[in-house]
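**Student:** Here it is, the structure in full.
The values are calculated or read from the model by the stated rules, or taken from the named source; none is laboratory data. Because the structure is predicted, anything quoted here is derived from the model rather than measured. Glycine gets a Cβ as well: all are built from the backbone with ideal geometry, and neighbour counts include every protein chain shown. Accessible surface is based on the protein model in full, side chains and every heavy atom, while ligands, DNA and RNA are left aside. Shrake-Rupley method; radii C 1.70, N 1.55, O 1.52, S 1.80 Å.
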Amino acid sequence: MSLLLAVALLAQQPPVVEFPQPGLDDSAAYEGYTTRVYRDARGNTVQIYLDRKHGRVVHLWADALNESIGFTAVGEGAVGGAAVAFAAREATVGATGGQGGRRWLRYSLTAPGGRALHLTHFLLGSMRVERDFQYAGSYVPTEFNTLIANLARLPPESRQRRIALAALGAPNVATLRARLAPRITVEQTATTWLVRVTQPSFDGRNHLTLILRGDPRQASVTAGRDTVTIRRRVQGSIELDIEISTDGPALTPLTREQIFNDAFRRFAAARASDARLEREIRGFELLSSREKLMAGLPTFATYFGRDMLMTALLMEPVWSDTMPEYVIAAALKKLGPAGDVSHEEAVGGQAIRENVAEYNHTGSLRALAHPQTVRENYFMVDDDFQLPVVAARYFANAAVPAERKHHFVTAYGRLLARNLAHVWRRAAPYARAPVATNLVGFQRDPDGWWHPGSWRDSRVGYAGGRFAFDVNAVWVPAALRAIAVMRPWLDSTAGLPDSATLDGAIDTWGGAIERFEVALAPAEVATRVRAKVASLPAAERAHWDSVLAGSGFPADTLRFLAVSLDGEGRPIPVMSTDPAMLLLLEDLPPARE
């Protein structure tokens, strides 16, 4: 029966999207980067990209575990060009077994020249591991090495050791150590050679496999502990058949009809010849599932709260009225105990890394009880206030039947109320006493800096400030108005203010933008500009000196909105670009009577 199912699910397909494309993209801008994106037999996104500048070949499986399989291809004796390139456009996909069975994809690469091809740096695991490898140029699983070293020091009969090994599905420490690196084996016949690279997850639950197939009449193959060498026997290009497979869980993809509304689909159908529009639509489909909207391929192929919520606002005119339900539900399911929104999830191999790191730090076996328990990051602040805005727009949408809204509240009302109560707790201090230091601020990092917990998420982005313009002038006021919209739909308003108090808070927070106003007199502008020009390299300084000599300084006061306030609530005179965000947040429709 499983064989029949495998045959039924076997299919050949061209890429859903690919970059660069002649006529659509500037090939020079991609600097040797080419990518093709397919769907596997369960409809999950599989991206394959060749970074020919560095020889990296990466397969991203944007599924429930955010998996990847990567290796580096280096040509020996090749004259210019890349070590490998895509061959035929089509890939073959298939699956065995039921929902938890193995999924695989096969495609072809070609090695255009050179005496030999060396394949190294095999990484099979989380895309986060691949990301770390590319950032650092190497990957050392310090969390796992530390755990193994700690367990090895314990006596074999130690309860701590036995429980930890059992949680990770390993009979001994040697088994754990063997999981840190892929296993490479070679099989050869007269007509085919096959290199199999396999690696289980650190807890032994899931397995990724890379298979390379070639013709021994074209090239020979040898394998070491971590390197595969393919030596050419004929002139011209040689072709490699590649197969990747996983037994990890799949996501539930959404169809075009589920994502986009009727009006937009008619618009797109009328412009069927517009290749760029069609590619944009397909790209959005590749990121959309019932479980989450992914932030982007390939690096962020998982849940990011802010990205998903902002997408909900931006896509509102063109997508179906059911899409907000998926978005809101995804965020609500990941709420922290206090009601704050998860910024980023860690799944699969990355979740194991973080749970092992917690065990190494605390010694608590609870962190290892279920090693793949999803980890959430709650450091960001803006997403806590974005969720109510998205939810209120859903409840205010007259096109959504009231029955559906009541059904949604039945399923998620308790979680939604928890988030709204969190919003009110953060907003209440300024509503009661509107002084700058009662605004919603960032947390402190261990080194004393204010953690930049919003979309400009770098210390430079908020100029080291504590109170962000976008959080306090845009999102908090909008979230309070959202509470007013949703109050009539909630079964319980515990933790929320009464209507009169909420109305007063909305009025008070409406003036928070004034805290960020900066006015610099002409003399101060001149002083600051001269100081900046003096700090420039000589050539740039000479240029701007000549500009100022011709134009002079403005005679009027310079007024703008600061990007943030410092720890004392004083504006940091760095200009904010965030007022454009106000265009996204037109006043919400009035609350239901």
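**Student:** Using a 1.4 Å probe over the heavy atoms of the protein chains, calculate the carbon and sulfur portion of the accessible area of the chain as a whole percent.
**Tutor:** With neighbouring chains kept in place, the figure for the chain is 54 percent.
**Student:** Ok, one more. According to a simple spin-label model (label point 7 Å from Cα along Cα-to-Cβ), what is the distance in nm between Glu280 and Lys532?
**Tutor:** Using points 7 Å along Cα→Cβ, the separation is 3.3 nm.
**Student:** Take the chain, compute every pairwise Cα distance, and split them into 20 Å bins from 0; I just need the percent in each bin.
**Tutor:** Per 20 Å bin, starting at zero, the Cα-Cα P(r) for the chain comes out as 17, 43, 33, 7, 0 percent.
**Student:** Let me ask you something else. Compactness ratio of region 221-320: Cα Rg over 2.2 N^0.38 Å, N = residue count?
**Tutor:** So region 221-320 has a normalised radius of gyration of 1.61.
**Student:** Considering region 97-188, what Rg and Dmax in Å follow from its alpha-carbon atoms?
**Tutor:** So, for region 97-188, Rg and Dmax equal 18.3, 57 Å respectively.
**Student:** With the other protein chains left in place, how much accessible area per residue, in square angstrom, belongs to the chain at a 1.4 angstrom probe?
**Tutor:** For the chain, the per-residue accessible area is 46 Å².
**Student:** Any idea of Asp503's accessible area? Nearest 10 Å², probe 1.4 Å.
**Tutor:** 90
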